[in-house]
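The values are calculated or read from the model by the stated rules, or taken from the named source; none is laboratory data. This one's a predicted model, so the numbers in the text were calculated from it and none came from an experiment. So basically every Cβ, Gly included, is an ideal-geometry build from the backbone, and we count neighbours across all protein chains shown.
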Amino acid sequence: MYPPSTHLLFGTEPDQYTFVWPGQTVFGAGSAERLSAWMQHSGSRKPLVVSDAGLVAAGLVEPHLARLRDAGLVPCLFDGVEANPTLDNVAQALDLWHSQACDGVVALGGGSVIDVCKVLLARLCSDAPVEQVLREGDALLCRPIPPFAAIPTTAGTGSESTTAALVKDAQGRKHVLRSRACRPQWVALDPLLTLSVPPAVTACTGFDTVMHALGAATNRATNPVGEALALQAMVLSFHALPLVIAQPDALQARSDMLLASYLAGVAMSLRGTDGIHGLCTPLESLVDVPHAHVLAVVCVPLMRFTLPAATSPYARVARACGLSAKPADDAACAAELVEAIDHLRRAARLPCTLAELGVKADRLEAVIGIALGSPSVALNARKPTRDDLVSLYRAMQPA
Ligand SMILES: [Fe+2]
């Protein structure tokens, strides 16, 4: 068990940082077939397999259940996770855990499924009310975490490697659990499972990966380990995303996206992200659209605003991605990165204005108040004032 977390603020002081790794990860086509061996090794006999109805209908879940049964395990399936997961989903999974006397958890799905499993584990290992567990995370866990394996089927939110889990309550409010202890202890990154992801989901989840990598590579945090991982994730995803959109069965590009998603998740857990995610989160409480749609609207205006304070990190990312028409000129390289991200969001057919999301100008005042208090905005290389935020949200062209 980890001690109570005191350093999830990522650190912006020189030589002040921490790195904590997630658990074991196996990578490669077919690696998901090693699940039953790990569950056996972990001591679990009755794992709760958590997934969603779409994946079950697509026939993606049954082969894994069959392999677990063949290995002598007795899996129980919960396939009730919604696209925007709720505390109710967690409660249903918890009921099944108790009624079937389960002793391990397998997340088989996208970020929503993995997030539900993280919150399920936090509830299993704490006696505090769920709202308090969501707020205080690891500090309230008082029992050992049961074996927890995850097999992501999208690339990706990076939930398989981040310390965060997002769930909505009955009123539709979003809560974020932050916990190192509830991360999966074993992850299989198997690109074969992502080959059938529909194009729109591929574009959205892939763009989220690029934004995670970009934010972690260029924000004010000082963690050099996270920076190295973020740069690698950025290079992989920047090149692979257009390929997987154009050619969904390109296995090498799918592999690159899955690895990038995982690495960006680790990087974010070490360094946090930036103002792109910080400005996006309060907007997401106004409109029910995919996370990446809001990111796509926010990213370019925020990058243009940040550019003067982030010339060096933006140029470093641009050069790593091969965008170096003028290698000696940091400012030109950095500006090229902004244009490349603009091009990428359009190539992914993502929206570019708040009007396209249905956000009205008269709703922005409340959004600005929340954004000012965002830890991700505070980590941005250039910290915006209230007036800056007014200008930024206006530049996103609300309806
Ligand atoms: Fe994200």
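The figures follow:
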read-out	value
Wholly enclosed strands (runs of 3 or more DSSP E) of the range 36-119 bearing at least 1 residues in contact with a Lys or Arg (Cβ under 9 Å, 6 or more places away or on another chain) and more than 20 Å from residue 189 (Cβ to Cβ)	76-78
Spans of helices (runs of 4 or more DSSP H) in the range 162-278 with at least 3 residues within 13 Å of the ligand (Cβ to nearest atom), touching a residue at least 24 places away in the same chain (Cβ under 8 Å) and farther than 25 Å from residue 122 by Cα	199-218
Number of positions in the range 130-161 that are of a type outside the set (A, V, I, L, M, F, W, C) and more than 16 Å from the ligand (Cβ to nearest atom)	11
Qualifying positions in the range 123-161 - at pLDDT 95 or above, surrounded by fewer than 24 Cβ atoms within 10 Å (Cβ to Cβ) and not in a loop (DSSP other than H, G, I, E, B)	123, 124
Subset tally (residues that are surrounded by fewer than 23 Cβ atoms within 10 Å (Cβ to Cβ) and out of contact with any Leu (no Cβ under 9 Å at 6 or more places or on another chain)) for the range 232-260	6
Scan of the range 35-52 for residues that are surrounded by fewer than 18 Cβ atoms within 10 Å (Cβ to Cβ) and touching a strand residue (DSSP E or B) at 6+ places or on another chain (Cβ under 7 Å), ordered by number	42, 46
So residue 36, is it within 21 Å of residue 262 (Cβ to Cβ) and among the small types (Gly, Ala, Ser)	no
Answer from 172, 226, 215 - the residue that is out of contact with any strand residue (DSSP E or B) (no Cβ under 7 Å at 6 or more places or on another chain), farther than 25 Å from residue 32 by Cα and surrounded by fewer than 16 Cβ atoms within 10 Å (Cβ to Cβ)	172
Residue satisfying condition, being under 30 Å from residue 228 (Cβ atoms) and of a type in the set (Lys, Arg), within set 346, 394, 363	346
The range 279-294, subset more than 10 Å from the ligand (Cβ to nearest atom) and among the β-branched types (Val, Ile, Thr), residue modelled with the highest pLDDT	289
